[in-house]
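Asker: Following this message is one structure expressed as structure tokens.
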Amino acid sequence: VVDQFSAAAGRAVTDPTWDIRGWSYTHLWRAQHLRDALLPIRDLPNFTLLASCDNERQLAGAIRAGWLPTLWSPRIRCDSAYYMVGKLRGYVCPAERIGVAKVDCTQCRACMDRKPPRIDFIAFPDHGPGNAARRAAVGHD
């Protein structure tokens, strides 16, 4: 199924008659048996597939494997533009930040542009359903 999806996505995104740019996130970058099937999608020129990391320990492995990783963590603050993990610099999603003008994904482009300058990963603060106050503060409710 992944091979079929990979082929279909590759045809759609690389078809010159379609003006498609996009991005998505996957936890499957860690699945050894699927990794090779994901590489053609990850490496498309106008589509970025980012590695979803569940914890800070996974960041270095994703970077070594050639991925632009993302990290969700309750320790990431909504009032800061950056989040450091050792020497790795994470850019906090501006749509999730408090106190900044609302920026949407097409304006920011950090997730779309494969490797933003001086950024090692994209950081997402806790904005899940269990954190109603933070969701309200960033305009999700």
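The values are calculated or read from the model by the stated rules, or taken from the named source; none is laboratory data. Predicted, not measured: the structure shown is a model, and the values here were computed from it. Because the Cβ atoms are built from the backbone with ideal geometry, glycine has one as well, and the counts that use them run over all protein chains shown. SASA here: full protein model, heavy atoms, side chains in, ligands and nucleic acids out. Shrake-Rupley method; radii C 1.70, N 1.55, O 1.52, S 1.80 Å.
Per-residue answers, yes or no, for (1) in a helix (DSSP H, G or I); (2) among the hydroxyl-bearing types (Ser, Thr, Tyr); (3) at pLDDT below 75:
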residue	(1), (2), (3)
Val103	no, no, no
Gln107	yes, no, no
Met112	no, no, no
Pro116	no, no, yes
His127	no, no, yes
Ala133	yes, no, yes
Ala136	yes, no, yes
Asp141	no, no, yes
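Asker: Sticking with this structure for a sec: Suppose we keep only residues that are out of contact with any Cys (no Cβ under 9 Å at 6 or more places or on another chain) and closer than 17 Å to Leu38 by Cβ within the stretch 55-64. Which one would you say is surrounded by the fewest Cβ atoms within 10 Å (Cβ to Cβ)?
Answerer: This residue is Arg64.
Asker: For Pro94, state whether it is open to solvent by 20 Å² or more (accessible area, probe 1.4 Å), over 14 Å from Phe121 (Cβ atoms) and of a type outside the set (Gly, Ala, Ser). Give the steps one after another, and end with the answer.
Answerer: On the way: open to solvent by 20 Å² or more (accessible area, probe 1.4 Å): no; over 14 Å from Phe121 (Cβ atoms): yes; of a type outside the set (Gly, Ala, Ser): yes.
It is false that Pro94 is open to solvent by 20 Å² or more (accessible area, probe 1.4 Å), over 14 Å from Phe121 (Cβ atoms) and of a type outside the set (Gly, Ala, Ser).
Asker: Next question, about the same structure. Looking at Trp29, Trp23, Trp67, can you tell me which residue is aromatic (Phe, Trp, Tyr) and in contact (Cβ under 8 Å) with a residue 60 or more places away in the chain?
Answerer: Only one candidate qualifies: Trp23.
Asker: Further, regarding this structure: Here are the criteria: (1) in a helix (DSSP H, G or I); (2) touching a Pro at 6+ places or on another chain (Cβ under 9 Å); (3) touching a residue at least 40 places away in the same chain (Cβ under 8 Å). Tell me which single one Gly61 does not satisfy.
Answerer: Condition not satisfied by Gly61: (3).
Asker: Which residues, counting only those in the stretch 22-37, are of a type outside the set (Asp, Glu) and exposed (fewer than 14 other Cβ atoms within 10 Å of the Cβ)? Quick ask: steps written out before the conclusion?
Answerer: Here is the first cut: in the stretch 22-37, the residues of a type outside the set (Asp, Glu) are 22-35, 37.
Of everything in the stretch 22-37, those that are of a type outside the set (Asp, Glu) and exposed (fewer than 14 other Cβ atoms within 10 Å of the Cβ) turn out to be Ser24, His27, Ala31, Gln32, His33.
Asker: Can you find a residue that is over 19 Å from Cys111 (Cβ atoms) and either outside any strand (DSSP E or B) or open to solvent by 50 Å² or more (accessible area, probe 1.4 Å) (or both) anywhere in the stretch 65-76?
Answerer: yes
Asker: Anything in the stretch 81-90 that is open to solvent by less than 80 Å² (accessible area, probe 1.4 Å) and more than 20 Å from Ala65 (Cβ to Cβ)? List them, or say none. Break it down stepwise before answering.
Answerer: Just the residues of the stretch 81-90 that are open to solvent by less than 80 Å² (accessible area, probe 1.4 Å), to begin with: 81, 83, 85-86, 88-90.
If the condition is that a residue be open to solvent by less than 80 Å² (accessible area, probe 1.4 Å) and more than 20 Å from Ala65 (Cβ to Cβ), then Ala81, Tyr83 are the ones that fit.
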